[in-house]
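The next block holds one structure in the form of structure tokens; read it before the comments.
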Amino acid sequence: QVQIVESGGGSVQPGGSLTLSCTASESIFSIYIMGWYRQAPGKQRELVALITSNTNSDYADSVKDRFFISRDNAENTVYLQMDRLKPEDTAVYYCNVRGYVDLYNYWGQGTQVTVSS
């Protein structure tokens with residue numbers, strides 16, 4: 001019923017690009033925020049980027065000049081375009097979907113992004 005499906009992770013060399021996709025099931029409605037978090041081994045989960053229903057966006061300082069978040073409301077999908085990737089970007093990336101007035105807060109299973117030579 002409630003499904004968060006992530007795709008697009010993989011391995012890439014430094015300076016390369018990847019695009020992550022996250023689709024929420026059609027049964028999830030009134031989505032306010034869609035965002036991406038990441039967690040590297042031994043570190044806390046941190047916000048990468050988020051976007052609201054009216055397309056206001058926010059980025060972590062470490063990625064704001066390299067990553068771009070967008071959403072397709074008709075498809076219940078959020079994208080994260082990642083350019084000029086660095087080894088420090090290596091982490092598991094998690095999709096987050098949150099409803100208006102804290103109606104719900106859902107997480108994807110995570111997708112691995114590895115940046116190495």
* **Residue, farthest from ASN105 (Cα to Cα), within segment 16-41, restricted to residues that are open to solvent by 50 Å² or more (accessible area, probe 1.4 Å) and either modelled with pLDDT of 95 or more or in a strand (DSSP E or B) (or both)** => SER17
* To do: Look at segment 96-117 and say how many of its residues are of a type in the set (A, V, I, L, M), open to solvent by less than 40 Å² (accessible area, probe 1.4 Å) and out of contact with any helix residue (DSSP H, G or I) (no Cβ under 8 Å at 6 or more places or on another chain).
  => 1
* Give TYR79, TYR93 a once-over and let me know the one that is open to solvent by less than 40 Å² (accessible area, probe 1.4 Å), within 22 Å of THR23 (Cβ to Cβ), of a type in the set (Ser, Thr, Tyr) and modelled with pLDDT of 95 or more. => TYR93
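The values are calculated or read from the model by the stated rules, or taken from the named source; none is laboratory data. What you see is a predicted model, and the numbers here were worked out from it, not measured in a lab. Heads up, the Cβs are rebuilt from the backbone with ideal geometry, glycines too, and the neighbour counts pull from every protein chain shown. Note: accessible area is taken over every heavy atom of the protein model, side chains too, but ligands, DNA and RNA are not part of it. Shrake-Rupley method; radii C 1.70, N 1.55, O 1.52, S 1.80 Å.
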